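Right, one structure below, let's go through it.
The values are calculated or read from the model by the stated rules, or taken from the named source; none is laboratory data. Everything numeric in this text was worked out from a predicted model, so none of it was measured. We place every Cβ from the backbone using ideal geometry, glycine too, and count neighbours over all the protein chains shown.
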Amino acid sequence: MADITAAPVASIDADFFADPHAHFRRWRAEGPVRRVRFPDDVIRWVVVGYAEARQALADPRLAKDVVRVDAILHGKRDTTPSDPNVLTLLSHMLSTDPPAHTRLRKLVNKAFTAKQVATLAPRIEQIAASLLDAITDSDEVDLMAAYANPLPVTVICELLGVPYADRADFQAWTRALVTVVGEGEDTERPAASAAMVGYLADLVRAKQADPADDLLSQLVLADDDGDRLTDRELVSMAFLLLVAGHETTVNLIGNGVNALLRDREQWQRLCADPAGVPAAIEEFLRYDGPVDMATVRYTTEPITLGGTEIPAGELVYVSVAAADRDPARFADPDTMDTDRHPTGHLAFGHGIHFCVGAPLARLEAEIAFTALLRRFPDLHLNADQADLRWQTSTLIRGLDSLPVRLR
């Protein structure tokens, strides 16, 4: 069994965010599990091999209880939260373990079945068409701001019953919460977490007083044999659905378009045959998906991954982005091939925390790409790839902007 603690510690530097895959290749060459120093100077374990990632995502010994994660991160013996607002926001099903996770997920599953999501297609098509109409007379646009962002944001706002006019606020708070900061630099996150909690608490109270025909109102009223969500759970669930419900799809669209614009042949092939879009979306998810590292886990006991033993009480990140480019699982993984049909990719996770919103993300992406390809077949990048700026996040993989020419 490898003694990885004797091996050099890798690090996440400023270059990581522009091209994390270059780092993952180097790390994977040393083994499927690495110790990595993050910008906050905390060493965490990162899983970069596909088989090991799949194992880790489904292993109950890698737990997600947010209170315990907070205690480990800050080296505390007790479970007093470092930031009560962050704890409130993260007390949702993605950061809990069974049986709490099972209970919370049961209350939202019905809203995200493929059958239920399919009923949203006409409205999503209408939103996509309207956004493309708005830019049809333009020569140059930022496709993130004009299309990739507002489409999923509009959909999730309407689905949840969140005012679209508030999008600038909740997206700014979200960006502060997912941005990686160095040691001692976390100055924006406390204010952002407090503002987000206050905003969502007000929204929950409004739904309780006057329920509407939306998902958040349904969650407020949900009753499973007398089991109802508490106010704190409602705030946390609203946070998860609002943020995960738009941030990932925004960047699935942006990253996918960017990847296609680097390969004109594949762009033109999809323009000629939009029936290939669903398969292409699976390749976008594998090749440059919107999630870099899945949310943090911790070892409840020693666990062996890829021949390496990780002690109990250690923080572990599973990089689904690295796993989906593991040559042991996918041939020629650093090449995008929209005809690949990459079954088994981990972009939506694996195990009990598999993304509940996957059907909605796939539907939105299919409609978004099909409409864009048909409307602007001559679309091309209006910047050098080297000049594109990526979010400084280990959770989200996404562009700040995507300048394009429409013709």
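Results for (1) out of contact with any helix residue (DSSP H, G or I) (no Cβ under 6 Å at 6 or more places or on another chain); (2) at positive phi, shown as yes or no for each residue.
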position	(1), (2)
307	yes, yes
310	yes, no
322	no, no
355	yes, no
364	no, no
372	yes, no
378	yes, no
387	yes, no
398	no, no
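What about residue 281, is it under 19 Å from residue 97 (Cβ atoms) and at pLDDT 95 or above?
Numbers: under 19 Å from residue 97 (Cβ atoms): no; at pLDDT 95 or above: yes.
No: the conditions fail for residue 281.
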Being assigned to a helix (DSSP H, G or I) and within 19 Å of residue 399 (Cβ to Cβ): is that true of residue 192 here? no
Which condition does residue 153 not pass, out of (1) of a type in the set (A, V, I, L, M, F, W, C); (2) within 15 Å of residue 243 (Cβ to Cβ); (3) out of contact with any helix residue (DSSP H, G or I) (no Cβ under 8 Å at 6 or more places or on another chain), if it passes all the others? (3)
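Suppose we keep only residues that are surrounded by fewer than 22 Cβ atoms within 10 Å (Cβ to Cβ) and not charged (D, E, K, R) within segment 230-257. Which one would you say is farthest from residue 398 (Cα to Cα)? Spell out the reasoning first.
Pass one, segment 230-257, residues surrounded by fewer than 22 Cβ atoms within 10 Å (Cβ to Cβ): 230-233, 240, 243-244.
Narrowing the set further to residues that are not charged (D, E, K, R) leaves 230, 240, 243-244.
Details: 230: 33, 240: 18, 243: 14, 244: 13 Å.
Checking each candidate, the answer is 230.
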Matching residues, segment 142-181, being out of contact with any Phe, Trp or Tyr (no Cβ under 9 Å at 6 or more places or on another chain), outside any helix (DSSP H, G or I) and farther than 27 Å from residue 259 by Cβ: 161, 163, 181
Given the conditions (1) modelled with pLDDT under 95; (2) surrounded by 14 or more Cβ atoms within 10 Å (Cβ to Cβ); (3) in contact with an Asp or Glu (Cβ under 9 Å, 6 or more places away or on another chain), report the number of the one that residue 144 does not fulfil. (1)
Note down all Cβ pairs under 8 Å where the first residue falls in segment 202-231 and is within 18 Å of residue 116 (Cβ to Cβ) and touching a residue at least 40 places away in the same chain (Cβ under 8 Å), the second is part of a loop (DSSP other than H, G, I, E, B) and of a type in the set (A, V, I, L, M, F, W, C), and they're at least six residues apart or on different chains. 216/162; 219/229; 222/229
Which one of 387, 339 is farther than 16 Å from residue 56 by Cβ and touching a residue at least 24 places away in the same chain (Cβ under 8 Å)? 339
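From the list 325, 397, 407, 389, pick out the single residue that is more than 30 Å from residue 37 (Cβ to Cβ) and among the basic types (Lys, Arg).
Numbers: 325 fails: more than 30 Å from residue 37 (Cβ to Cβ); 397 fails: more than 30 Å from residue 37 (Cβ to Cβ); 389 fails: more than 30 Å from residue 37 (Cβ to Cβ).
Exactly one residue qualifies, and that residue is 407.
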Select the helices (runs of 4 or more DSSP H) contained entirely in segment 86-140, then report the ones holding at least 1 residues which are of a type in the set (Phe, Trp, Tyr) and modelled with pLDDT of 90 or more. none
Only residues that are part of a loop (DSSP other than H, G, I, E, B) and either touching a strand residue (DSSP E or B) at 6+ places or on another chain (Cβ under 7 Å) or closer than 23 Å to residue 178 by Cα (or both): list them for segment 27-47, please. 31, 32, 38, 39, 40, 41, 42
